[in-house]
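To keep things clear, I will list the structure first and then write my remarks on it.
The values are calculated or read from the model by the stated rules, or taken from the named source; none is laboratory data. Note that the structure is predicted; figures quoted are calculated from it, not measured. Quick reminder, even Gly has a Cβ in these numbers, built from the backbone with ideal geometry, and neighbours come from all protein chains shown. For accessibility, only protein heavy atoms count, side chains too; no ligands or nucleic acids. Shrake-Rupley method; radii C 1.70, N 1.55, O 1.52, S 1.80 Å.
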Amino acid sequence: MNVDRKVQTLDEFTIQQMRDFPHATGELASLLRDIGLAAKRVNVEVNKAGLVDILGDAGTINVQGEDVKKLDIYANNQFVGVLKHGISCAGIASEELDDYFAFDDPVSNQSKYVCLFDPLDGSGNIDTNVSIGTIFSVYRRITEKGKPVNLSDFLQPGKEQIAAGYIVYGSSTMLVYATRRGVNGFTLDPSIGEFTMSHPNIKCPEFGKIYSVNHGNFFQYQEGVKGYITACQKKDATNGGPYTQRYIGSMVADVHRSLIKGGIFMYPGTIEKPKGKLRLLYECNPFAFIMEVAGGRATNGKDRILDVMPEKLHQRSPFFVGSTGMMAELESFL
Ligand code: AHG
Ligand code: MN
Ligand code: MN
C-alpha cells in the first residue's frame with residue numbers, strides 16, 4: 001500500500017512546524033488556519049464578483065477618505081468574523097475600521113495574538129478583473145492576558161511581527177506567509193478547497209529586471225527617485241538595462257512578482273503627499289517582514305521599515321521594497 005503523497009496542505013504544514021517547538025501552544029497554527037478559511041470565503045466572492053451585485057461602490061468612504069467597494073466590506077467582515085470566533089486572536093485592526101477592535105470576551109482576552117489587515121488590497125481593480133489581495137500582520141500582544149487588548153498592542157514596530165502574509169486572488173489564488181523561519185507559498189487547489197504547498201522556502205533573487213512604480217507621478221517624486229527611475233531605463237543599469245516596468249496597481253500582485261522573480265516596488269512620497277499612499281502597519285510592515293525573511297530589503301527611503309516606531313494605526317509611509325541589489329542601486333540615488 002502506497003500512502004505517500006507529495007502535497008502538503010497549509011494546515012498540515014503549520015501543525016508540523018509547531019511540532020518542532022516543544023512549548024508551542026498551537027495558537028499560531030490555529031490563527032493561520034482561521035485566516036486561510038476567511039481567505040477561501042473571500043476567494044469565492046472574488047471569483048463571482050462579475051456575476052453578483054457585489055461590484056461597485058458601497059456608497060461609503062473609509063477612514064482614509066477613499067471610496068469603499070462592497071467586496072472590501074465583505075472581506076473585512078469575513079476576516080474579523082473568523083478571528084473573533086477563533087481562539088488565537090485577541091483583537092484586530094483593519095484598513096476598513098476607524099479604530100482597533102478588542103474582541104473582549106473571556107476566550108479572546110486569553111489569546112496571544114493581535115492581527116492587522118488590509119482585507120482587500122487593490123480594490124480599485126475589482127471592476128476590471130485584475131488581481132487583488134489581502135495583507136495580514138501578526139504580533140504577540142504586549143498587554144497582560146485576561147484583559148482586552150489596547151492600542152499599544154497594535155502600535156509595535158514591524159520587527160516585532162511574529163508572522164505576516166498575503167493572499168493574492170489572481171489567475172490562481174495563493175496564500176504566502178512568513179515567520180522568522182522562512183517564507184512559504186500555498187496555492188489553492190479548488191478541487192479539494194485547500195491551500196497546498198507550491199512554493200517552499202521562497203527566496204527573493206538578489207537582482208531582478210523589473211521595477212514597479214506609478215510612472216504617472218514621475219514629476220511629483222523627489223530628485224533621487226527620479227534619478228533612479230531614469231537609470232532603470234538606461235542600457236548600463238547595473239543588471240543590464242533597460243529594466244522592464246510593470247505596475248498592476250495592486251501592491252499584493254506587484255510585490256508578489258518582485259518576491260518571486262526579483263525586482264523592486266516603489267511607492268514614494270510625492271510633492272502633494274510626502275508620505276505617499278501606503279499604510280505602514282498593514283501594507284508596508286507585512287511586506288517588509290516577508291521580504292527580509294526572503295533575503296530582500298525594505299525602507300521608507302531613509303530608514304528600515306521594520307525599525308519605524310508607529311504612532312497611529314492608519315499612518316502612511318513611503319515604501320521601497322525588493323531585491324537587495326536593486327535596493328542598493330536605489331539608495332545610491334537617494
Ligand atoms: P487599497 O485598494 O487597499 O486602497 O490599496 C491600493 C494601493 C496598492 O495596492 C497599490 O499599489 C496602490 O494603491 C496603487 O495606487 P496608485 O493608483 O496611486 O498608484
Ligand atoms: Mn491596500
Ligand atoms: Mn484595501
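Brief remarks on what is shown
- Residue 94 being within 14 Å of ligand 2 (Cβ to nearest atom) and at pLDDT 95 or above: yes
- When the test is whether a residue is away from ligand 2 (no atom under 13 Å from the Cβ), of a type in the set (S, T, N, Q) and not assigned by TED's automatic domain parsing to the domain that holds residue 163, residue 258 passes it.
- Residue match in region 116-138 (condition: away from ligand 2 (no atom under 16 Å from the Cβ) and in contact with a helix residue (DSSP H, G or I) (Cβ under 9 Å, 6 or more places away or on another chain)): yes
- When every residue of region 89-99 is checked against the conditions, at least one turns out to be farther than 16 Å from residue 288 by Cα, within 13 Å of ligand 3 (Cβ to nearest atom) and free of Cβ contacts under 8 Å to residues at least 40 places away in the same chain.
- Cβ-Cβ distances below 6 Å connect the following pairs, each with a first residue in region 234-256 that is closer than 17 Å to residue 266 by Cα and in contact (Cβ under 8 Å) with a residue 12 or more places away in the chain, a second residue that is open to solvent by 60 Å² or more (accessible area, probe 1.4 Å) and within 16 Å of ligand 1 (Cβ to nearest atom), and a separation of six or more residues or different chains: 254/248.
- Applying a threshold of 7 Å to beta carbon distances and a minimum spacing of six or more residues, or different chains, the list of pairs starting in region 260-287 at a residue that is within 14 Å of ligand 3 (Cβ to nearest atom) and ending at one that is open to solvent by 10 Å² or more (accessible area, probe 1.4 Å) and aromatic (Phe, Trp, Tyr) reads 277/267; 278/267.
- Of the strands (runs of 3 or more DSSP E) entirely within region 247-334, those holding at least 1 residues that are open to solvent by 10 Å² or more (accessible area, probe 1.4 Å) occupy 264-267, 297-299.
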